[in-house]
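First up is the structure itself, then whatever we jot down about it.
The values are calculated or read from the model by the stated rules, or taken from the named source; none is laboratory data. Nothing here was measured: the structure is a model prediction, and the numbers come from that model. Note that we place each Cβ from the backbone using ideal geometry, even for glycine, and neighbour counts take in every protein chain shown. Accessible surface is based on the protein model in full, side chains and every heavy atom, while ligands, DNA and RNA are left aside. Shrake-Rupley method; radii C 1.70, N 1.55, O 1.52, S 1.80 Å.
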Amino acid sequence: ADETEAAALAARLGFRAERSLLQLRIPLPLDPALRRASDPIAVRPFRPGIDDDAWLAVNNAAFAGHPEQGNWDRTTLAQRLGEPWFAADDFLLHESAGDIIGFCWTKVHSDTQPPMGEIFVIGVHPSHHGKGLGRRLVIAGLDHLATRSVDTGMLYVDATNEAAVAMYESLGFRPHHRDVAWSGRIAPR
């Protein structure tokens, strides 16, 4: 069923859209014209067991109140680091004065044909918002994915996050599909 049919069925059953995620895709490597004078940003790989606490502090500040990405602890991080797709070289950190202030965590979906690169999560500490770091970190992540022999990049973004959607689209991302989470109760028969 298409999105319109699914929405109509959900409404008839008394469900409401709880959250809408867009999957955006982009051809790689990134078109140089889309960089719009964004200077490259220095990044380094995540070091498991060394960067954990500093990264958790930045992540939790950047995603305070977020349903999936906020309030992570060492156990949550360890679970993600234990995933079969995890590679420390794909988890890029940006520092200022020796402190982590932003990151772009990428992953490669080698099970797709052809393989696809994903920006799994990107974050900037709130004290560094408004400086263009998010855009520059996305570019660093896309450049990194292009070195991993993937020709398509993708990410998920909350459809209501208009600023993020606009930034991604300014880099050349285009909507591929929408995933909607519905909530409600099914009446007993």
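A few comments on the model shown:
- Between amide H atoms placed 1.01 Å from N, distances below 5 Å from N71 occur with G65, all of them 5 or more places distant or on a separate chain.
- Sulfur and carbon atoms: percent of accessible area, segment 53-189 [1.4 Å]: 50 percent
- Semi-axis lengths, Å, segment 88-127, gyration tensor of Cα atoms, sqrt of 5 times eigenvalues: 27, 10, 5
- In this structure, the amide hydrogen of G102, modeled 1.01 Å from its nitrogen in the peptide plane, lies closer than 5 angstrom to those of H94, H125, counting only residues at least 5 positions away or on a different chain.
- Each other residue within a Cβ distance under 10 Å of L56 adds +1 if Lys or Arg and -1 if Asp or Glu, for a net charge of -3.
- Here's how it looks for F120: its modeled amide H is under 5 Å from those of W105, T106, K107, which are all 5 or more places away or on a different chain.
- Using θ = phi - 60° and Karplus 6.51 cos²θ - 1.76 cosθ + 1.60, couplings along segment 38-45 (whole Hz; Gly, Pro as x): 7, 5, x, 10, 6, 9, 9, x
- With 0.36 nm allotted per residue and the present C-alpha distance subtracted, the R44-N71 stretch has 7.3 nm of extension available.
- In sequence order, segment 99-113 has phi-based couplings of 10, 5, 10, x, 7, 9, 9, 10, 8, 10, 8, 6, 8, 9, 10 Hz under the Karplus curve 6.51 cos²θ - 1.76 cosθ + 1.60, θ = phi - 60°, and Gly or Pro positions carry x.
- Cα coordinate range in segment 58-183, projected on the principal axes (Å, largest first): 39, 33, 30
- Ranked by the mean number of other Cβ atoms within 10 Å per residue, highest first, peptides 141-151, 23-33 order as 141-151, 23-33.
- Euclidean distance between Cα centres, segment 24-88 to segment 140-162, Å: 12 Å
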